[in-house]
1. How do the peptides 61-68, 192-199 rank, highest first, by the average count of neighbouring beta carbon atoms within 10 Å per residue?
2. Using every alpha carbon pair in segment 71-157, what percent of pairs falls into each 10 Å bin from 0 up to the bin containing the largest distance?
3. Between the helical axis of 22-35 and the dominant principal axis of the chain, each derived from Cα atoms, what acute angle in degrees is found, rounded to the nearest 10?
4. I'd like the distance separating the alpha-carbon centroids of segment 131-184 and segment 71-128, in whole Å.
5. Does anyone have the angle between helix 3-20 and the longest principal axis of the chain? Alpha-carbon axes, 0 to 90°, nearest 10?
6. List the residues, sorted by chain then number, that are 5 or more residues from His55 or on another chain and whose placed amide H is less than 5 Å from its amide H.
7. Please list 17-27, 204-214, 100-110, 114-124 highest first by mean number of surrounding beta-carbon atoms within 10 Å per residue.
8. Counting only protein heavy atoms and using a 1.4 Å probe, what share of the accessible area of the chain belongs to carbon plus sulfur, as a whole percent?
Amino acid sequence: MSRTSRITAEAGAAWRTFLRRRTAVFFTFGFPLILVGIFGIIVQTNPAGGGLFGHPTSFYVPGYLAVIVLLTPLSRIGSSLARYRDGNRFQKLSTTPATSREWLAAHTLVNIAIIVLASTVVLGALELLVGGTIRLSPLLLPFIILAVVVFCGLGAILGRITGSQDGVVAASNAVALPLVFLSETFVMPERLPTWFRPVIGLSPLTYFSRGVRNVTYLNQTAWLDLLVLAMFAALVFALGAYAVPQE
């Protein structure tokens, strides 16, 4: 089998596994919509009155998408790696020509497909909510793809250093929750302590949020943010592939 055939075969198996897990399918697509319902309909924004949600709803599109591109890859890749390890499936994989990079690439492709679909659903819901004020730029797709690559790599690292699937879930939450609120998604830098603001630049999710906000709300250039995110993607994916067990 060629490399493309091996990646396609593993990706097909991972896709079918995802579809068989109905609870995972429901929460992958339902949880972002729940967030949109809570913050977009119940809490609502208050552009004239300040506060945490002191901007129009479309300003927070990066926050809604960040939840998807962050939480889903972290938990799915980490849990998959832990499940493969617990079932000694990496030992079987080692008897085939498939490499750790190909395994991670296959599962990353599946996550890209899932998250692009989930993002489309969320953007559609937001369009209905805010009456078409979101600018849908072609750059949205590469931002989503690169962010998924980053957090698939990080998910593989978490799956390697934790001892069980329960440990992966706990570690994913411990990493994801701070990143969601400290990466220019819902909370802007001016609301954070001055000494902490330089730390924001160390988060790849920050460049995703800035870039998506630039192309969907501010109508500004986002190539620099896309370049930085691509660099993060290359680095973290390489580290993630190295973290995949090679029996």
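1. 61-68, 192-199
2. In order of increasing distance, the bins hold 16, 39, 26, 13, 6, 1 percent.
3. Taking the Cα atoms of the chain, the angle to 22-35 is about 20 degrees.
4. 12
5. It works out to around 70 degrees.
6. Asn46
7. Those peptides, ordered most packed to least, come out 204-214, 100-110, 114-124, 17-27.
8. Summing carbon and sulfur atoms, their accessible area is 66 percent of the total for the chain.
The values are calculated or read from the model by the stated rules, or taken from the named source; none is laboratory data. The model shown is predicted, which means the values in this text are computed figures rather than measured ones. Cβ atoms come from the backbone with ideal geometry, glycine included; neighbour counts cover every protein chain shown. Please note that ligands, DNA and RNA were not included when accessible areas were found on the heavy atoms of the full protein model with its side chains. Shrake-Rupley method; radii C 1.70, N 1.55, O 1.52, S 1.80 Å.
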